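> Below is a structure I'd like to ask you about.
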Amino acid sequence: MTDFARFYRDEIVPRLREDPSQNIDPSIETPTYAWLKSNYSGFVERLRRDHDLSPSQFYEVADLSLADTDGEGEWGISHEPTIRALEDYLEELERDRGRAATTINPRKSRLKTYATTYRDVNETSDLLSPLLDETTRPDEIARVRDTFRVLDDELGTLASKKKYVSAVRNWYTFVVEMGRGIYNPAENLLNRFGWDEDPKYDHPALSQSDLEGLLDVADADERFLLLALAGWGLRPVEACELHVDQLTLAPDPDDGTVPYVEFAAGERKNARRTRNTVEILVGVDATRRRIGDLTEREGWTGYLLPGQTVDRPMSTATARRWLRDLGRRANIQIDGSHPLPKMGRRTWYRLYRRQRPSIEAGTAAVAAAQGSSDAAVSERNYLDERTRREARAEAMRDLVRQELASVFEPRL
C-alpha cells in the first residue's frame, strides 16, 4: 500500500496540478474516478487486483500526506540555504536542461520526502554544512545511510528505491558542482544497499507434484482456478474475471479446431505485444460441466469464478487467499512461502518458453514462403489469429498433455 500512496503523491498529484481541466487542489481534494481511470487505468486495475480496493476506498485507508502539515513551508524543512539549493537544482532542470514538468514535479516530491526524512532521522534541516568539511564526511555518509534505511522500509519496489537514490544523488552532485559542497555522500548508495542489481521477475512455478497435491485437497471452484492459471496460463486477473462469453469450446471449422479463450482488443496486459486468444488444451470437458453447474445457480451472470454474489467475478485477493489456504491444507510451500496465483501462470509459461523455438521455426517457414526475412513481422502482419493459435497449439499440445493433462484430467 505504501508504494501505491507514494506513486499517487509522486506521479498522479503533479499530473493533476498540470491538468487545466481539473480545477482542484490535490493537497486536499482527490480526482474523479473518470479522470483517474482515463489517465491511470493501470493504477486503478492494480489497486483492485492487489488490494481489492476502489479509488475511493484507497483514499480513505492510504496515508497520502498531501497537505503541508509540518508548518515549515512547501519543502517541510526550515534551513533556508538547503531550500535554496533544492530550488536552484529544480530551476536548472527546467530552465537550462529543458526538463518537462512531468519530470520536475516527481523529482521535487522525492527530494522533499528525502529532506523531511533526513530532518526526522538526524534532527536537523541543514543538509549543506556537513558537505563543506572533509572531516565530517564519514559521519555525513552515515547520516544519509540512516535516512535511506528509513526510506527502505517505506519504499515498496526496487524501482522506487532506485528513483529516490537517483534524485538524491543527482542533487548532491549539483551541490558539489556549484561549489556548495566538496563531496557527494550519496555516491555509492545503490551498492551499499544492494540496489544495484536488476529486479528479478522470474517467479517460482508450481511443479507437477505441487499441482497434484493442491488439486487433491481442492474443491471444484479451487480446481477450476488452478486449471485457468496453470492449465491455460491466464494471468490471475484474467482467470478471476473469466466470462463464459470469452470461451469458444467448439470452434466453427473456419475458426480452426482448437478451443480457446478470447480477449477483446487491448484488453490484455501488454496488449500490443500479447495475443488476444489463449488455447485450451486441457480441461475442455471439465469446463463444459462447470458451465452446466453454474447455469443452475440463481442469478448467475456468466462469470466462471463468481464472487460472493454470483453476478460479480471473484477478486484477485480472494484468489490469493484460496491458494494460501490450499497450500496450508496440502502442506505445500514454494521457496519457503505459500502458493500464489502468479505461480500457476508461471507453470504454464515455462512450458510455452520451452516450445517457443518450435513456434518461431514454424513462423519463420511461413515468412520465408512469403519472401520475408523477419519472422516477427510476418507473424504480426500476415498471419491471422486463427493461424497463430493453431501453430501455438500444435507446438504445445504434446508437452501440455504430457505434463499438465496427466495432472488435471483425473482430478477435474
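> Determine, yes or no, whether Leu323 is assigned to a helix (DSSP H, G or I) and either within 29 Å of the chain's Cα centre (by Cα) or not assigned by TED's automatic domain parsing to the domain that holds Cys240 (or both). Don't jump to the end; show me each part of the working.
On the way: assigned to a helix (DSSP H, G or I): yes; either within 29 Å of the chain's Cα centre (by Cα) or not assigned by TED's automatic domain parsing to the domain that holds Cys240 (or both): yes.
Yes.
> Taking only pairs six or more apart or across chains, which ones have beta-carbon atoms under 7 Å, a first residue in the stretch 251-265 that is on the phi > 0 side of the Ramachandran plot, and a second residue that is outside any loop (DSSP other than H, G, I, E, B)?
Gly256/Arg386; Gly256/Arg389; Gly256/Glu390
> Arg268 is checked against (1) at pLDDT below 90; (2) more than 26 Å from Leu47 (Cβ to Cβ); (3) in contact with a helix residue (DSSP H, G or I) (Cβ under 8 Å, 6 or more places away or on another chain) and fails just one. What number does that condition carry?
(2)
> Taking the stretch 121-134, which residues are more than 21 Å from Arg192 (Cβ to Cβ) and out of contact with any Lys or Arg (no Cβ under 8 Å at 6 or more places or on another chain)?
Going residue by residue through the stretch 121-134, those that are more than 21 Å from Arg192 (Cβ to Cβ) are 123-126, 128-129, 132-133.
Within the stretch 121-134, Glu123, Thr124, Asp126, Ser129, Asp133 qualify.
> Only one of Trp35, Trp75 is in a helix (DSSP H, G or I), modelled with pLDDT of 70 or more and aromatic (Phe, Trp, Tyr). Can you tell me which?
On the way: Trp75 fails: in a helix (DSSP H, G or I).
Residue meeting the stated conditions: Trp35.
> Also, quick follow-up: Scan the stretch 299-318 for residues that are out of contact with any helix residue (DSSP H, G or I) (no Cβ under 6 Å at 6 or more places or on another chain) and part of a loop (DSSP other than H, G, I, E, B) and report the count. Lay out the reasoning, then the answer.
To start, the set of residues in the stretch 299-318 that are out of contact with any helix residue (DSSP H, G or I) (no Cβ under 6 Å at 6 or more places or on another chain) comprises 299, 301, 303-304, 306-312, 315, 317-318.
Cutting the leftovers down to part of a loop (DSSP other than H, G, I, E, B) gives us 299, 301, 304, 307-312, 315.
Number of matching residues: 10.
> Would you check which residues across the stretch 221-250 are exposed (fewer than 15 other Cβ atoms within 10 Å of the Cβ) and without any contact (Cβ under 8 Å) to a residue 60 or more places away in the chain and list them?
Result: Asp245, Leu249, Ala250.
> Scan Arg15, Arg48, Arg97 and give me the residue that is surrounded by 14 or more Cβ atoms within 10 Å (Cβ to Cβ), at pLDDT below 80 and over 30 Å from Asp146 (Cα atoms).
Exactly one of Arg15, Arg48, Arg97 is surrounded by 14 or more Cβ atoms within 10 Å (Cβ to Cβ), at pLDDT below 80 and over 30 Å from Asp146 (Cα atoms), namely Arg15.
> If you don't mind, another one. Report, by residue number, each residue of the stretch 209-223 that is out of contact with any Leu (no Cβ under 8 Å at 6 or more places or on another chain) and either part of a helix (DSSP H, G or I) or within 16 Å of Asp335 (Cβ to Cβ) (or both).
The initial filter retains those residues of the stretch 209-223 that are out of contact with any Leu (no Cβ under 8 Å at 6 or more places or on another chain), namely 209-210, 212-213, 216, 219-220.
Matches in the stretch 209-223: Ser209, Asp210, Glu212, Gly213, Asp216, Ala220.
The values are calculated or read from the model by the stated rules, or taken from the named source; none is laboratory data. Here the structure is a predicted model, which means the values were calculated and not measured. We place every Cβ from the backbone using ideal geometry, glycine too, and count neighbours over all the protein chains shown.
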